[in-house]
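Enquirer: Please see the structure below; I have some questions.
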Amino acid sequence: MAILVDSNSRVITQGITGSAGGFHTRMSHAYAPIFVGGVTPGKGGQWFDGLPIFNTVAEARKITAANVSMIFVPPPFAADAIMEAADAGIELIVCITEGIPVNDMVRAWRYIQDKNCRLIGPNCPGIITPGQAKIGIMPGHIHKPGRIGVVSKSGTLTYEAVGQLTAAGLGQSTCIGIGGDPIIGTNHTDALKLFNDDPDTDAVIMIGEIGGTAEQDACAWAKHHMTKPVVGFIAGATAPPGRRMGHAGAIISGGQGGAEDKYAAMEDAGVHVVRSPAEMGSKMVEVLKSAGLI
Amino acid sequence: MKLHEYQAKELLRRHGVPVPPGTAAHNVADAVQAAKDLGGNFWVVKAQVHAGGRGKGRFKEAVDANTLEMVVAGAADVPGKGGVQLCRSIDDVKAAASLMLGNTLVTKQTGLDGVVVKTVPVTTGADIETELYVSVLLDRANSRLVLMASTEGGTEIEEVAAENPSAIKKVWADPITGLGSWQCMQMAYDLGLTQKKTSRQAAKLFQGIYQTYLATDASLVEINPMVISSEGDVVALDAKVTIDDNALFRQKEIASWYDESEDDPSEVEAAKAHLSFIKLDGTIGCMVNGAGLAMSTMDIIKHYGGEPANFLDVGGGAKKEQIISALNIITRDPSVKCIMVNIFGGIMRCDVIAEGVIAAVAETGLSVPLVVRLAGTNAELGKKLLAESGLAIIPADTLADAAEKAVAAAAGK
């Protein structure tokens, strides 16, 4: 069943009446009709393209039995929206919003530790199980159902990897954009563990980028536990230190977070490293062939 | 957003952190008056720029080119006077301010271009017995704020971390309860500050910088050095504060302090057009959608032997006007020998990008080869528009194809 989301997911959109929230709810629902409603305070009782709108997440969950929320709430209120979803018992919270103040996320992250939920993002493209569920802003048509998992901090670079896989005839089990902020709910290690335990995933493409040490942590885990092949790439080998490269978390600071340290950790963990982002798909083909998986 | 030292100290002072009394002067007469008003017979005059290494920096207008080379190379014992001066008389203050104001300070961090000094804070000189380092920042490993301190004040924390990591002490704040008073006291004792007055003052300073961090939506508050006087009093002698750009919408006063003269003019212009742009030293200009793909585009240019001239993310929903601004900013850089456009259309439609590129070229002309790679949503339509435009655009199908063509074109092949 791939990981985290499938055709049985029941999804609401927080911020469904905003322009981005509305647009992407329509696109995602057209890809796979798993949306059951939306939340916009003050607009409860109204409808959005046949989906009921509620004032609160708690009300939406009570009536629709939603277990997933996609958040498009503007940055000043997005951390609050994450906590609201967690408090209402939503099991998977996918926060697309970019630009949330880090101090807000420090509190929201701490708050959800005691709740029965998983957060993906913020500042991410979302998650897709091709053919079954699209919860986010990725273009559905480039994906193809299959057995390769993809995890990445980036949006369009994930599409690049997916495009290469699809062009090579390899479909995807699930693709997760975990987000480019310094604080995110699901990290590379979490994603690798999920893919490792998923019977429908044969191999994983792991895309990291400069900043922090999450890739090293994931490699330290993978070295001893990952039983499936992993192809890895790190974006930002040419990035200058001390500059924030678009993503709030993509910065080499205090001598930490450089691409070479991450590549070294990948090599040490037996990850099949590609230094060119154009070779993610072809390397995967090569790896699967040598493992006898295709 | 980086703040100047005097701005950082103002924020810290508001949250109960002791800083040396002083005034930021914009001309020599004000600097002299500031010193007289402060009284005493010992003052510090500093050149206010963001770059580090000011004390060892030298002024372009006062020394020769060889000396500047030495500064940038990080040589010891460079002749001449620097950007931080200890003054024992009013005449010294006047001389220091005259040397600094309006002149160009070159430090190891600024490179040979240097930065023009517009402000000189004048503060009373401190009586220094011990120097320590202390900062508050986000620990990404556990998503909590960490209070970090070391007895090796005056040294860059990166150096301490590399050479003597056990000298760095840390305590983490639970966001629900904040930084506990006991944690601040514990930190003071861990640093060997056992004198009652000193440990209390230090703990109060630690709490003050944590409160400053929260109240100002900082991403870094660093005091280096924090100084203990021979009397055992604690003061923040130098301060660095960086504000989280994502929170500037609710930090209006601080946002108004932004000093655009510290940033590259092309970066300032790009920011106004809502483009994420960073100037680099290479010859291949890049225009890409998405930060990860933009970094990867730089990486693949390098992989094929070229050098990127910039990082540029036009974002997920760029309009035609932004594409035009982006291409204008890139083409204005005289070192750019070729431009590589790399778009993977998701939400962004490739036909919109194509229209933007055609409009920009029609407006400004095209002085260097332009390689365009379009993939994803409406890629075929975008390619068709470019092909029918009659412009001398070099089309590319894949990322590797585009990078190879761009590197060859930049080399004049």
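Enquirer: Need a quick list: helices (runs of 4 or more DSSP H) entirely within segment B:1-103 having at least 2 residues that are of a type in the set (Val, Ile, Thr).
Expert: Details: elements: B:5-14, B:28-38, B:65-73, B:90-100.
Here the list reads B:28-38, B:65-73, B:90-100.
Enquirer: I'd like to check something: does segment A:167-182 contain any residue that is crowded, with 24+ Cβ neighbours inside 10 Å, among the aliphatic types (A, V, I, L, M) and facing chain B (nearest Cβ under 9 Å)?
Expert: No, because not a single residue in segment A:167-182 is crowded, with 24+ Cβ neighbours inside 10 Å, among the aliphatic types (A, V, I, L, M) and facing chain B (nearest Cβ under 9 Å).
Enquirer: Scanning for something touching a Gly at 6+ places or on another chain (Cβ under 9 Å) and of a type in the set (Ser, Thr, Tyr), does segment A:132-152 turn up at least one residue?
Expert: Scanning segment A:132-152, I find at least one residue that is touching a Gly at 6+ places or on another chain (Cβ under 9 Å) and of a type in the set (Ser, Thr, Tyr), so the answer is yes.
Enquirer: Which is over 17 Å from B:GLY83 (Cβ atoms), basic (Lys, Arg) and touching a residue at least 40 places away in the same chain (Cβ under 8 Å), of B:LYS36, B:LYS2, B:LYS46?
Expert: B:LYS36
Enquirer: Hey, could you check segment A:152-165 for residues that are touching a residue at least 40 places away in the same chain (Cβ under 8 Å) and either of a type in the set (Ser, Thr, Tyr) or farther than 20 Å from B:GLY376 by Cβ (or both) and say which is nearest to the other protein chains (Cβ to nearest Cβ)?
Expert: Across segment A:152-165, the extreme among qualifying residues is A:SER154.
Enquirer: Which condition number does A:VAL287 fail, the rest of (1) closer than 25 Å to B:LEU138 by Cβ; (2) more than 9 Å from every other protein chain (Cβ to nearest Cβ); (3) in contact (Cβ under 8 Å) with a residue 60 or more places away in the chain being met?
Expert: (1)
Enquirer: What is the number of the single condition among (1) of a type in the set (A, V, I, L, M); (2) within 30 Å of A:MET138 (Cβ to Cβ); (3) surrounded by fewer than 22 Cβ atoms within 10 Å (Cβ to Cβ); (4) touching a residue at least 24 places away in the same chain (Cβ under 8 Å) that B:ALA271 does not meet?
Expert: Only one criterion in (1) of a type in the set (A, V, I, L, M); (2) within 30 Å of A:MET138 (Cβ to Cβ); (3) surrounded by fewer than 22 Cβ atoms within 10 Å (Cβ to Cβ); (4) touching a residue at least 24 places away in the same chain (Cβ under 8 Å) is unmet by B:ALA271, namely (4).
Enquirer: Can you name the number of the only condition in (1) over 14 Å from the mean Cα position of the chain (by Cα); (2) of a type in the set (Gly, Ala, Ser); (3) away from chain B (no Cβ under 14 Å) that A:ALA78 fails?
Expert: In the conditions (1) over 14 Å from the mean Cα position of the chain (by Cα); (2) of a type in the set (Gly, Ala, Ser); (3) away from chain B (no Cβ under 14 Å), A:ALA78 misses (3) alone.
Enquirer: Right, something else. Is it the case, given these coordinates, that B:ILE254 is touching a residue at least 60 places away in the same chain (Cβ under 8 Å), closer than 19 Å to B:LEU11 by Cα and part of a helix (DSSP H, G or I)? Explain how you work it out, then say what you get.
Expert: Working: touching a residue at least 60 places away in the same chain (Cβ under 8 Å): yes; closer than 19 Å to B:LEU11 by Cα: yes; part of a helix (DSSP H, G or I): yes.
In short, yes.
Enquirer: Among the residues of segment B:309-321, is any among the basic types (Lys, Arg) and more than 13 Å from every other protein chain (Cβ to nearest Cβ)?
Expert: Taking segment B:309-321 first, the residues among the basic types (Lys, Arg) are B:319-320.
Then keep just the ones that are more than 13 Å from every other protein chain (Cβ to nearest Cβ); that gives B:319-320.
So far as segment B:309-321 goes, yes, one or more of its residues are among the basic types (Lys, Arg) and more than 13 Å from every other protein chain (Cβ to nearest Cβ).
Enquirer: If I filter segment A:210-226 for residues that are farther than 29 Å from B:GLU158 by Cα, within 10 Å of chain B (Cβ to nearest Cβ), open to solvent by 10 Å² or more (accessible area, probe 1.4 Å) and over 20 Å from the mean Cα position of the chain (by Cα), do I get at least one hit?
Expert: Looking for residues that are farther than 29 Å from B:GLU158 by Cα, within 10 Å of chain B (Cβ to nearest Cβ), open to solvent by 10 Å² or more (accessible area, probe 1.4 Å) and over 20 Å from the mean Cα position of the chain (by Cα), one finds none in segment A:210-226, hence no.
Enquirer: Additional query: Can you find even one residue in segment A:190-203 that is facing another protein chain (nearest Cβ under 9 Å) and crowded, with 24+ Cβ neighbours inside 10 Å?
Expert: no
Enquirer: Now, a different point. Only one residue in B:GLU363, B:GLU321, B:GLU380 is at pLDDT 90 or above and of a type in the set (Asp, Glu). Which one?
Expert: Just a single option satisfies the conditions, and that option is B:GLU380.
Enquirer: Give the residues of segment A:246-284 that are within 9 Å of another protein chain (Cβ to nearest Cβ), more than 25 Å from B:ALA403 (Cα to Cα) and among the small types (Gly, Ala, Ser), sorted by residue number. Reasoning before the result, please.
Expert: Let us first name the residues in segment A:246-284 that are within 9 Å of another protein chain (Cβ to nearest Cβ), namely A:246-250, A:253-257, A:259, A:275-279.
Those still in the list that are more than 25 Å from B:ALA403 (Cα to Cα) too: A:248-249, A:253-257.
Residues satisfying the conditions are A:ALA248, A:GLY249, A:SER253, A:GLY254, A:GLY255, A:GLY257.
Enquirer: Condition first: among the hydroxyl-bearing types (Ser, Thr, Tyr), open to solvent by 30 Å² or more (accessible area, probe 1.4 Å) and within 14 Å of another protein chain (Cβ to nearest Cβ). Now tell me which residues in segment B:128-160 satisfy that.
Expert: B:THR155
Enquirer: Another question about this same structure. In segment B:206-245, what residues are within 14 Å of chain A (Cβ to nearest Cβ), surrounded by fewer than 20 Cβ atoms within 10 Å (Cβ to Cβ), not in a strand (DSSP E or B) and not aliphatic (A, V, I, L, M)?
Expert: Hits for segment B:206-245 are B:GLN211, B:ASP245.
Enquirer: For residues that are open to solvent by 50 Å² or more (accessible area, probe 1.4 Å) and among the aliphatic types (A, V, I, L, M), scanning just segment B:42-89, find the one that is nearest to B:TRP257 (Cα to Cα).
Expert: For segment B:42-89, the residue satisfying everything is B:VAL84.
Enquirer: While we're looking at this one, here's another question. Here are the criteria: (1) more than 10 Å from every other protein chain (Cβ to nearest Cβ); (2) under 32 Å from the mean Cα position of the chain (by Cα); (3) part of a helix (DSSP H, G or I); (4) not aromatic (Phe, Trp, Tyr). Tell me which single one B:ILE301 does not satisfy.
Expert: The number of the failed condition is (1).
Enquirer: Still on this model: Does segment A:232-241 contain any residue that is closer than 13 Å to A:LEU192 by Cβ and at pLDDT 95 or above?
Expert: yes
Enquirer: Restricting to segment A:154-201, name every residue that is out of contact with any helix residue (DSSP H, G or I) (no Cβ under 9 Å at 6 or more places or on another chain) and not charged (D, E, K, R).
Expert: Selection gives A:GLY179, A:LEU194, A:PHE195, A:PRO199.
Enquirer: Sticking with this one: Could you grab me the full set of residues in segment B:31-72 that are acidic (Asp, Glu) and under 25 Å from the mean Cα position of the chain (by Cα)?
Expert: Passing the criteria: B:GLU61, B:GLU69.
Enquirer: Give the residue, chosen from B:ASP92, B:ASP30, B:ASP37, that is open to solvent by 30 Å² or more (accessible area, probe 1.4 Å), under 23 Å from B:VAL235 (Cα atoms), at pLDDT 90 or above and out of contact with any Phe, Trp or Tyr (no Cβ under 6 Å at 6 or more places or on another chain).
Expert: B:ASP37
Conditions tested, residue by residue: (1) open to solvent by 20 Å² or more (accessible area, probe 1.4 Å); (2) of a type in the set (A, V, I, L, M, F, W, C).
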| position | (1), (2) |
| --- | --- |
| B:GLU262 | yes, no |
| B:THR283 | yes, no |
| B:GLY290 | no, no |
| B:ASP299 | no, no |
| B:ALA309 | no, yes |
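The values are calculated or read from the model by the stated rules, or taken from the named source; none is laboratory data. Quick caveat: nothing in here was measured; it's all calculated off a predicted structure. Cβ sites come from the backbone with ideal geometry, for glycine too, and all protein chains shown count toward neighbours. Side chains included, ligands, DNA and RNA excluded: accessible areas come from the protein's heavy atoms. Shrake-Rupley method; radii C 1.70, N 1.55, O 1.52, S 1.80 Å.
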